[in-house]
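Participant: Before anything else, here's the structure in question.
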Amino acid sequence: MLYNSTENKNEVVSASQAIAQGISKDGGLFVPQSLPEYDTDVLQSLLKLDYKGIAKKVFTDFLSDFTAEEIDDCVEKAYTAEKFGGSNPAPLVFKSYNGNETNILELWHGPTCAFKDMALQILPHLLTKSLKKTADGKDAVILVATSGDTGKAALEGFKDVEHTKIIVFYPELGVSPMQKRQMNTQEGANVKVCAIEGNFDDAQTGVKRIFTTPEISSKLAENNMMFSSANSINWGRLLPQIVYYIASYCEMVNAGKIKLGDKINVVVPTGNFGNILASYYACCMGLPINKFICASNSNNVLTDFISTGVYDKNRKFYATISPSMDILVSSNLERLLYKLSGNSDTTTREWMTALKTDGKYEVTAEVKDAVSSVFYGGYCDDVKTKETIAKMYKEENYLCDTHTAVAIAVYDQYISETGDKTPTVIASTASPYKFSKSVLSAVNDGSELPDSEFDMVDMLNSLTGVEVPAPLASLKDKEVRFSDVVKVNEMPDYVLKALGVN
Ligand SMILES: *Cc1c(COP(=O)(O)O)cnc(C)c1O
């Protein structure tokens, strides 16, 4: 299977090149030129497999220049019971909610307690193997712009991985205290963490610019290094996310919740559009999905796009209590637009150029209809998010984090608008303890909150009895290693200095 750039069809690469490069030279994203077909027979055969087995099948079908041994090695190293607290890294919690068969897909049992571990525990293994095949001995420099969770998950995935270095930028005021502490205490000889004065989009734009500045790239090349990306634009990030939608479908069939071939809905709390796009690809492969419910917080650029066909990032930016979704440029949407425009690289490039120059583009009527026929977009603000956390806890005895609450609130809206009874999977993307302050203030009786994040964790734990994940509990005693803050225009210098090539 080969991959090409969404902005230049003639830029054709192998799977390992797509993963090693991260982003295409023209600024486009790599997409598979075809998709494997998972008909009922294939899905039937997957029912017998565990998570790792399904992962190996999916990876084999997409990574055609990897050997079976390599894929085996990657999957076995990534999804260990030790790292994910059990043999199923993505367990489903069955609920009958709203009178519907509703299943919460808990994607946060990995080492950093957020769903990004699902991809970032395997990406370093895919990447080091890809580099061996393509980069003749060059070291990979991973640059990450993070709204909080990616940074920590990438650091944890790449720490001390041979032939890699990782530098993470996060918005100084845009991450939770727990997220900040997770990153600033990161261990590993090959890691750097730096805050920037700006929001996530500034960080992401800064990183993209560094990637595409030829002078910086040649400086790296002289020193036997090359840039790669662990952001959700890397195909190696997206692919592992396809697996859990297929696995959760199989789990629902095996549990007798649905019959093989029945359709489900998926509800995804969305920021960069990676997670929900993975479910869309799963559907294009043959997984029976009826609706993709795209949940946003007050940064509701996607909600508007789905209903109007106009993507307009010229709007107020809100720092919300679901910070991993505080995003106005959802990078992975480019892949959906490419597909829905009939794989048109020229059209995709036009829209992406308009986004860069005017902050805005409007898709054609056909593409708009194609989007709104399968995607439902909705959003909820911080007040509603907290109400939803409280309601879920009190009525359903389920403690969820702020991002998951956004998804549930938007699902509620969808049900009241449509009455749709389709069995549903709601992606739960973080442990409630990662956002203890907001979760605690939603479920406590109004009494005063303690000052320190760790005291809030303890209070939430004694109030609810829900177990604190071990990786968060142990943060308290870790040494802070990083405290740099730079301006956006200082990011290139910071990178060159960190690599010792300035
Ligand atoms: C990253 C993240 C999201 C958004 O996922 P995308 O793939 O960027 O849409 C949602 N919730 C949490 C907790 C996250 O870390």
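Participant: Assuming R0 = 22 Å, what is the FRET efficiency of ASP39 and THR422, from their Cβ-Cβ distance, to the nearest 0.05?
Facilitator: Using R0 = 22 Å, I get an efficiency of 0.60.
Participant: Classify the range 150-221 from the C-alpha gyration tensor, please: rounded if a/c falls under 1.5, else prolate or oblate depending on whether a/b exceeds b/c.
Facilitator: In terms of gyration-tensor shape, oblate.
Participant: Let me ask another. Given points 7 Å out from each Cα along the Cα-Cβ axis, report the PHE482 to VAL93 separation in nanometres with one decimal.
Facilitator: Those two pseudo-labels are separated by 3.0 nm.
Participant: Suppose the chain between ASP358 and SER64 were pulled fully straight at 0.36 nm per residue; how much longer would it get relative to their current alpha carbon spacing?
Facilitator: Stretched out fully, the ASP358 to SER64 stretch lengthens by 101.9 nm.
Participant: In nm, what is the difference between 0.36 nm times the number of residues separating LYS48 and ASP445 and their Cα-Cα distance?
Facilitator: 138.3 nm
Participant: Lys/Arg Cβ at +1, Asp/Glu Cβ at -1, dipole of the chain taken about the Cα centre: which of ASN234, SER248, THR303 is farthest positive-ward?
Facilitator: Of the candidates, ASN234 comes out farthest on the positive side.
Participant: A further question on this structure: Express in % the proportion of alpha carbon pairs of the range 34-179 at distances exceeding 21 Å.
Facilitator: It works out to 55 percent of all Cα pairs.
Participant: While we're on this one: Trypsin sites (Lys or Arg not before Pro), restricted to the range 173-273: which are DSSP loop and have at most 14 other Cβ atoms within 10 Å?
Facilitator: In loop regions of the range 173-273 (DSSP not H, G, I, E or B), the sparsely surrounded trypsin sites (Lys or Arg not before Pro) are LYS259, LYS263.
Participant: Report the trypsin sites (Lys or Arg not before Pro) located in the range 466-502 that are in a DSSP loop and have at most 16 other Cβ atoms inside 10 Å of their Cβ, or state none.
Facilitator: LYS478, ARG481
Participant: Hey, another quick one. Tell me whether the chain comes out rounded, prolate or oblate; compute the Cα gyration tensor, take square roots of the eigenvalues as a ≥ b ≥ c, and use a/c under 1.5 as the rounded threshold.
Facilitator: Verdict is rounded for the chain.
Participant: With θ set to phi - 60°, apply the Karplus curve 6.51 cos²θ - 1.76 cosθ + 1.60 along the range 30-44 and write out the HN-Hα couplings as whole Hz, x wherever there is a Gly or Pro.
Facilitator: Coupling constants for the range 30-44: 7, 10, x, 6, 8, 10, x, 9, 10, 7, 4, 4, 5, 4, 4 Hz.
Participant: Can you compute the radius of gyration and Dmax for the range 398-502, using only the Cα atoms, both in Å?
Facilitator: Rg, Dmax (Cα atoms, Å): 19.9, 60.
Participant: Using a/c under 1.5 as the rounded threshold, could you call the range 260-346 rounded, prolate or oblate? The axes a ≥ b ≥ c are square roots of the C-alpha gyration tensor eigenvalues, and prolate needs a/b larger than b/c, oblate otherwise.
Facilitator: Here the range 260-346 falls in the oblate category.
Bear in mind these aren't lab numbers, they're just calculated from the coordinates by the rules spelled out. All of these numbers come straight from a predicted model, not from anything done at the bench. Because the Cβ atoms are built from the backbone with ideal geometry, glycine has one as well, and the counts that use them run over all protein chains shown.
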